[in-house]
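Novice: Input: one structure, supplied below.
The values are calculated or read from the model by the stated rules, or taken from the named source; none is laboratory data. Since the structure is predicted, the reported quantities are computational estimates derived from the model, not experimental observations. When we count neighbours, we look across all protein chains shown, and the Cβ atoms used for this are built from the backbone with ideal geometry, even at glycine.
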């Protein structure tokens, strides 16, 4: 199955918000994310499901992806919050794959460095903190369906939003 890791768009400055979880996308962040989402849609992408971090900026990013037609289904997933646990998601994924009727494509909307670290863990079996995912950037992975994905996934896409705009 294909997995896309998508970092949230440009968010408001930390200083303007007492609680980091409440920082929304800026106007520029919304516009850039919308353009990236439309490019992904134009390239024929469609997600069976989008899982989003519970933080406002990630939920707004997921909503933009949904609004341009990349998916009709968005769910909040607590482990996608900063410092989330990849093993919780892997357990969820294994159950989800058992119930899937065919090849599936899902997107995770979250934060850096977590998404980069998750991609490294899925590909190399450990986070090396080398993959950098820009705001509104996308990582694409092929996830094996017959074994644990950690250390057995394949990276096929790492793209900065500037290459999609």
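Novice: Please work out if residue 45 is within 16 Å of residue 1 (Cβ to Cβ) and touching a helix residue (DSSP H, G or I) at 6+ places or on another chain (Cβ under 8 Å).
Specialist: On the way: within 16 Å of residue 1 (Cβ to Cβ): yes; touching a helix residue (DSSP H, G or I) at 6+ places or on another chain (Cβ under 8 Å): no.
It is false that residue 45 is within 16 Å of residue 1 (Cβ to Cβ) and touching a helix residue (DSSP H, G or I) at 6+ places or on another chain (Cβ under 8 Å).
Novice: Need at least 1 residues that are surrounded by 22 or more Cβ atoms within 10 Å (Cβ to Cβ) per element, so show me which strands (runs of 3 or more DSSP E) inside the stretch 1-120 make the cut, counting only ones lying wholly within it. Give the steps one after another, and end with the answer.
Specialist: Values: elements: 2-7, 49-52, 74-76, 105-110.
Output list reads 2-7, 49-52, 105-110.
Novice: How many of the residues in the stretch 131-165 are at pLDDT below 95, over 15 Å from residue 2 (Cα atoms), in contact with a helix residue (DSSP H, G or I) (Cβ under 7 Å, 6 or more places away or on another chain) and assigned to a loop (DSSP other than H, G, I, E, B)?
Specialist: 4
Novice: So residue 131 passes all but one of these: (1) closer than 15 Å to residue 114 by Cα; (2) surrounded by fewer than 17 Cβ atoms within 10 Å (Cβ to Cβ); (3) touching a strand residue (DSSP E or B) at 6+ places or on another chain (Cβ under 7 Å). Which condition number does it fail?
Specialist: In the conditions (1) closer than 15 Å to residue 114 by Cα; (2) surrounded by fewer than 17 Cβ atoms within 10 Å (Cβ to Cβ); (3) touching a strand residue (DSSP E or B) at 6+ places or on another chain (Cβ under 7 Å), residue 131 misses (2) alone.
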